[in-house]
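This report concerns only the one structure given below.
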Amino acid sequence: MRRLVINNQKGGSGKTTCAVNIAAGLAEKGKKVLLVDLDPGASATIWLLGIEKANTDKDLFDLESGYEIITELAQPTNTRGLDILPFVPIKNKNSKQFKEYPNRSQILKNKFRDFPENIYDYIILDCGPGLNLTTINALAASNELLIPVPTQSLSLYGVISLLETVESVQVKINPDLHITGILACRVDPNLRHNMEVLELLVERFGVLVYNTYIREDVKLAECPSFNQTIFEYDPKSVGANDFRSLVNEIIDKEKS
Ligand SMILES: Nc1ncnc2c1ncn2[C@@H]1O[C@H](COP(=O)(O)OP(=O)(O)O)[C@@H](O)[C@H]1O
Ligand SMILES: [Mg+2]
């Protein structure tokens, strides 16, 4: 079971677009996938389920419950093989018990520890902006990190600060975490600046940069409003093709 977190601390960097369409693309390839929405904005949940399904009394971060809470909260989507764990607010965040819990950055990791291997092939975690306890939990619970980098402006600084966070997570809580890939996204191949940023990424991060880049495609921006993935909304679009090619690269890494 690969646990892949999509993170870049900047908001609007394409995290949710990638998380939803990578998860859906993997499911289209026959994989069993759970998308975990950890963004307080619940954008992946609203995208796939609509706004009304996002409510629950349960708490994913409840210290009393085990891994079963994950399967209990997961809901099927319109894509066969793709379930989503809707965003669930941390209900006991301010309680004394939670504050005093020594491993509060590892609550999710502990839940996945006993999670049966055969339910899902992939767990994809979508994070909100910024670095908070939920994001640290996501980094702690994953073994692979995919960093989407929009190429409209040079945002290497954000990537480098994320790498520092990853290093400290690796040392302190999760030695299994590694960067699985850096993904150039929102690329307009006709704009020289975009291609220069892409070249710079390759120069700086080498083989960590996926061969596939995600081009700017209005269809990708439209499909959430229809509660559809790009593969449902327009399977022949540029965006669908790019995500298909990316998913093949991700699956190729199963062998390594
Ligand atoms: N390749 C793309 N082409 C066109 N629009 C995109 C693309 N990637 C993301 N967007 C749009 O950019 C905005 C931010 O993307 P989003 O995935 O929500 O970022 P984040 O989750 O990092 O906040 C959204 O409106 C989304 O539809
Ligand atoms: Mg998002």
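The values are calculated or read from the model by the stated rules, or taken from the named source; none is laboratory data. Every value quoted in this text rests on a predicted model; they were computed, and no experiment measured them. Note: ideal-geometry Cβ built from the backbone for every residue, glycine included; neighbour counts use all protein chains shown. With ligands, DNA and RNA removed, areas are computed over all heavy atoms of the protein, side chains included. Shrake-Rupley method; radii C 1.70, N 1.55, O 1.52, S 1.80 Å.
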Check: Any chance the range 9-17 includes a residue that's surrounded by fewer than 24 Cβ atoms within 10 Å (Cβ to Cβ) and more than 11 Å from ligand 2 (Cβ to nearest atom)?
Finding: yes
Next item on the list: Return a yes/no flag: does the range 117-124 have any residue that is at pLDDT 95 or above, within 16 Å of ligand 2 (Cβ to nearest atom) and not small (Gly, Ala, Ser).
Entry: yes
Next item on the list: Only residues that are surrounded by fewer than 20 Cβ atoms within 10 Å (Cβ to Cβ) and farther than 20 Å from Leu145 by Cα: list them for the range 175-196, please.
Entry: Asp188, Pro189, Asn190, Leu191, Arg192, His193, Met195, Glu196
Note to self: Being in a helix (DSSP H, G or I) and over 22 Å from the mean Cα position of the chain (by Cα) is the filter here; which residues of the range 172-196 pass it?
What the structure shows: Arg192, His193, Asn194, Met195, Glu196
Note to self: Please verify whether Asn94 is surrounded by fewer than 14 Cβ atoms within 10 Å (Cβ to Cβ) and modelled with pLDDT under 95, treating the condition exactly as stated.
What the structure shows: yes
Checklist line | Within the range 103-132, tally of residues that are open to solvent by 30 Å² or more (accessible area, probe 1.4 Å), more than 16 Å from ligand 1 (Cβ to nearest atom) and either touching a helix residue (DSSP H, G or I) at 6+ places or on another chain (Cβ under 7 Å) or not in a helix (DSSP H, G or I) (or both) | finding: 10
Notebook entry, point to check: Out of all the residues in the range 66-90, which are more than 27 Å from Ser225 (Cβ to Cβ) and without any contact (Cβ under 8 Å) to a residue 40 or more places away in the chain?
Noted result: Glu68, Glu72
Margin query: Can you go through Thr135, Thr212, Thr151, Thr165 and tell me which one is at pLDDT 95 or above and either open to solvent by 60 Å² or more (accessible area, probe 1.4 Å) or of a type in the set (S, T, N, Q) (or both)?
Written below: Thr212
Next item on the list: Pull up the range 39-59, narrow it to residues that are open to solvent by less than 60 Å² (accessible area, probe 1.4 Å) and touching a Leu at 6+ places or on another chain (Cβ under 8 Å), then point me to the one that is farthest from ligand 1 (Cβ to nearest atom).
Entry: Thr56
Next item on the list: Check off (1) in a helix (DSSP H, G or I); (2) within 14 Å of ligand 1 (Cβ to nearest atom); (3) surrounded by fewer than 20 Cβ atoms within 10 Å (Cβ to Cβ) for Arg204 and give me the number that stays unchecked.
Entry: (2)
Next item on the list: Can you give me the number of residues within the range 60-80 that are modelled with pLDDT of 95 or more, part of a loop (DSSP other than H, G, I, E, B) and either open to solvent by 30 Å² or more (accessible area, probe 1.4 Å) or farther than 16 Å from Val36 by Cα (or both)?
Entry: 2
Next item on the list: Among the residues of the range 135-161, write down those that are in contact (Cβ under 8 Å) with a residue 40 or more places away in the chain, outside any loop (DSSP other than H, G, I, E, B) and more than 19 Å from Val36 (Cβ to Cβ).
Entry: Val149, Pro150, Leu156, Gly158, Val159, Ser161
Notebook entry, point to check: Picking from Gly206, Gly158, Gly181, which residue would you name as being within 16 Å of ligand 2 (Cβ to nearest atom) and not aliphatic (A, V, I, L, M)?
Noted result: Gly158
